[in-house]
Amino acid sequence: MKSSLYLLLSIFAFLSCSDNDSNFEPQNETDILKYIKDNNLDATKSSSGLYYVIDNEGNGARPTSSSNVTVAYKGYFLNGKVFDQSNSSGISFGLNRVITGWTEGITYFKEGGNGVLLVPSNLGYGPNGSRSIPGGAVLVFDVKLIKVN
């Protein structure tokens, strides 16, 4: 009897946690749209749900989702609290080694371009978060694509 109860509780716990990304999507969408309105941004929504603003497209090479790039950035939450940023010379990395929102978003720019990425949690760190980023968090990044390496 006890083992049946534990099994039932385990199944319930698993099922209640199994689709957490979709639970954040409506609230993420509402929060992003409010942020866009409050900050008077001219944002575009991609088919994946990423919102982006191109302040300057740039005029150099355009990266692919597997390119190595150098990007200067500042990452913050919708409330403006900064959780990470590079120096002005940026950092280099492969676009296939970062969150999905970056892999997609950086490809909208050419070298020298800059803008804003508004990353819903399903394209960021998901329901579990990472270190200082809570699960379900919308992330905002000011980005400048310095170089496609």
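Determine the dipole magnitude for the chain: charges of +1 sit on the beta-carbon of Lys and Arg, -1 on that of Asp and Glu, nothing else is charged, the reference point is the Cα centre, and the result goes in debye to the nearest 20.
With Lys and Arg at +1 and Asp and Glu at -1, about 360 debye.
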Inset, instruction - Place the peptides 137-146, 108-117, 66-75, 32-41 in order of packing, highest mean first, counting for every residue the other Cβ atoms within 10 Å and averaging per peptide. - result: 137-146, 108-117, 66-75, 32-41
Legend entry - Cβ-defined net charge surrounding Val71, 14 Å radius [Lys, Arg +1; Asp, Glu -1]: +2
Inset, instruction - Treating each Cα of the stretch 20-148 as an identical point scatterer and ignoring solvent, apply the Debye formula and state log10 I(q)/I(0) at q = 0.12, 0.16 Å⁻¹. - result: -0.41, -0.74
Legend entry - Asn149-Ser65 pseudo-label distance in nm [points 7 Å out on the Cα-to-Cβ vector]: 2.1 nm
Inset, instruction - Any chance you could give the angle, 0 to 90 degrees and rounded to 10, that helix 20-38 forms with the longest Cα principal axis of the chain? - result: 40 degrees
Inset, instruction - Name the lysines eligible as straight-distance cross-link partners of Lys34: C-alpha to C-alpha under 21 Å, and not fewer than 8 places from it in the same chain. - result: Lys45, Lys74, Lys81
Legend entry - Sequence-distant aspartates and glutamates (8 or more away, or on other chains) whose Cα lies within less than 20 Å of Lys110: Asp42, Asp55, Glu57, Asp142
Legend entry - Relative contact order for the chain, counting Cα pairs under 8 Å that sit 6 or more residues apart, in percent: 29 percent
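The numbers here are math on the coordinates, done by the rules we state, and not lab data. Just so it is clear, the model here is predicted, and its values are computed rather than measured. All Cβ positions, even for glycine, are placed from backbone atoms using ideal geometry, and neighbour counts span all protein chains on display.
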